[in-house]
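**Q** Below is the structure I would like to discuss, written out as structure tokens.
The values are calculated or read from the model by the stated rules, or taken from the named source; none is laboratory data. All figures in this text were calculated on a predicted structure; none of them were measured in a lab. Because the Cβ atoms are built from the backbone with ideal geometry, glycine has one as well, and the counts that use them run over all protein chains shown.
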């Protein structure tokens with residue numbers, strides 16, 4: 001606080017405080033997730049048929065077959081046995097005889113190798129892998145884990161922080177940088193740095209109250225020396241408002257003094273007589289939203305990760321593989337009429353229907369109704385054809401005696 005002295009030395013100090021409140025925006029950083037390294041291939045169910053003596057020209061052949069199934073009551077009609085390709089000709093299963101179950105075993109379980117997220121070496125107990133995981137509907141159980149080195153390399157992170165400065169006076173700049181603590185979320189460590197000012201915006205300018213203290217020493221002299229201006233003792237200090245602004249280095253365009261009042265009675269200090277005063281007025285201010293941002297380098301660290309081996313948990317429906325042998329008859333689909341192909345499909349589905357009736361009676365009954373309707377439709381179509389000419393439709397219900405076409409055909413035959 002500057003002091004004003006009568007006749008000797010006079011000066012004034014105004015303490016104007018810039019108040020600031022800040023809100024720090026914590027940046028977001030996502031670490032790499034653990035990944036699947038390798039999954040062993042699931043073994044397919046086996047099927048074998050002896051077709052060495054079969055030719056693609058054959059219309060039918062009988063052979064011994066061996067196949068595997070998860071079903072302990074398999075009828076032999078399944079996705080693996082339903083057809084065989086001989087050359088370019090497809091043969092479909094027509095019948096099964098002498099079906100026997102010859103073996104049953106637990107299939108080999110698949111394994112899955114994974115690598116966990118990288119963490120700081122020495123903190124492995126806090127990053128233990130899950131004992132079970134589920135992927136694509138398959139449950140896997142952890143059977144082995146090995147700690148391996150996994151470097152946490154040099155990385156960067158975009159850091160952004162905002163700070164709101166309230167009541168900023170005209171011509172007063174906001175700080176061009178701020179201290180910032182950045183957290184490396186993948187390691188939990190912090191990095192202290194400085195963020196530079198990258199953007200700022202102002203609100204509406206307004207007038208706000210302000211005050212400044214005045215301390216006068218040598219009080220009681222005849223004249224006050226106010227920065228070269230003589231102020232008579234007892235003169236109202238407010239009459240010298242402009243001189244006080246000049247002394248404070250403030251512009252009249254953005255500051256105005258409305259009153260200067262004494263603040264208490266005179267007092268003695270260090271052999272001098274003092275008296276304090278307070279000046280009040282208004283200042284032109286705004287609020288500033290400042291943005292500080294930079295790309296921060298995160299330090300290199302020695303890391304580690306868990307290399308995990310998981311084993312597949314078998315579903316009850318596929319926990320046992322059954323081996324069957326049988327004698328099967330296959331029929332060629334080459335040179336078959338559409339009607340014969342349909343009958344072949346119906347024959348193949350016959351065994352499926354019997355099996356379905358046992359497992360799902362209601363749904364199987366519905367399938368039987370549909371197939372029966374199809375057969376009736378096909379037979380009815382054949383009945384509509386002429387017995388003597390497939391290109392003609394019979395409109396007499398195959399009553400040839402009343403058919404004029406049959407009568408004409410009979411006469412032509414007799415004349416020849």
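**Q** So which residues in the range 67-93 are outside any loop (DSSP other than H, G, I, E, B) and surrounded by 16 or more Cβ atoms within 10 Å (Cβ to Cβ), if there are any at all?
**A** 67, 68, 69, 84, 86, 89, 91, 92, 93
**Q** What strands (runs of 3 or more DSSP E), lying completely within the range 258-339, carry at least 1 residues that are in contact with a strand residue (DSSP E or B) (Cβ under 7 Å, 6 or more places away or on another chain) and under 30 Å from residue 234 (Cβ atoms)?
**A** Answer list for the range 258-339: 267-269, 272-298.
**Q** Out of everything in the range 114-142 that is surrounded by fewer than 12 Cβ atoms within 10 Å (Cβ to Cβ) and part of a strand (DSSP E or B), what residue ends up being nearest to the chain's Cα centre (by Cα)?
**A** 134
Every residue, every condition in (1) under 27 Å from residue 277 (Cα atoms); (2) modelled with pLDDT under 95; (3) part of a strand (DSSP E or B), yes or no:
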position: 157; (1), (2), (3): no, yes, yes
position: 190; (1), (2), (3): no, yes, yes
position: 215; (1), (2), (3): yes, yes, yes
position: 225; (1), (2), (3): yes, yes, yes
position: 230; (1), (2), (3): yes, yes, yes
position: 234; (1), (2), (3): yes, yes, no
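**Q** Right, something else. Please work out if residue 32 is farther than 30 Å from residue 212 by Cα, at pLDDT 55 or above and assigned to a loop (DSSP other than H, G, I, E, B).
**A** no
**Q** Does residue 161 meet the test of being loosely packed, with under 14 Cβ neighbours inside 10 Å, in contact with a strand residue (DSSP E or B) (Cβ under 6 Å, 6 or more places away or on another chain) and either in a loop (DSSP other than H, G, I, E, B) or modelled with pLDDT of 90 or more (or both)? Steps first, answer last, please.
**A** On the way: loosely packed, with under 14 Cβ neighbours inside 10 Å: no; in contact with a strand residue (DSSP E or B) (Cβ under 6 Å, 6 or more places away or on another chain): yes; either in a loop (DSSP other than H, G, I, E, B) or modelled with pLDDT of 90 or more (or both): yes.
No: the conditions fail for residue 161.
**Q** Restricting the first residue to the range 132-144 and requiring it to be on the phi > 0 side of the Ramachandran plot and in contact (Cβ under 8 Å) with a residue 12 or more places away in the chain, which pairs with a second residue that is surrounded by 10 or more Cβ atoms within 10 Å (Cβ to Cβ) and not in a strand (DSSP E or B) meet a Cβ separation below 8 Å and a spacing of at least six or different chains?
**A** none
**Q** Right, next: What is the number of the single condition among (1) under 52 Å from the mean Cα position of the chain (by Cα); (2) touching a residue at least 40 places away in the same chain (Cβ under 8 Å); (3) surrounded by fewer than 17 Cβ atoms within 10 Å (Cβ to Cβ) that residue 167 does not meet?
**A** For residue 167, the exception is condition (3).
**Q** Taking the stated definitions as given, is residue 286 modelled with pLDDT of 90 or more and surrounded by fewer than 16 Cβ atoms within 10 Å (Cβ to Cβ)? Before the answer, list the steps.
**A** Working: modelled with pLDDT of 90 or more: yes; surrounded by fewer than 16 Cβ atoms within 10 Å (Cβ to Cβ): no.
No, not satisfied.
**Q** Search the range 202-230 for residues that are at positive phi and crowded, with 19+ Cβ neighbours inside 10 Å and pair each with any residue that is assigned to a loop (DSSP other than H, G, I, E, B) and modelled with pLDDT under 80 when their beta-carbon atoms are under 6 Å apart and the residues are at least 6 apart or on different chains.
**A** Listed pairs, sorted by first residue: 218/8.
**Q** Ok, one more. Restricting to the range 236-260, name every residue that is exposed (fewer than 13 other Cβ atoms within 10 Å of the Cβ) and more than 60 Å from the chain's Cα centre (by Cα).
**A** Within the range 236-260, 236, 239, 242, 258 meet the criteria.
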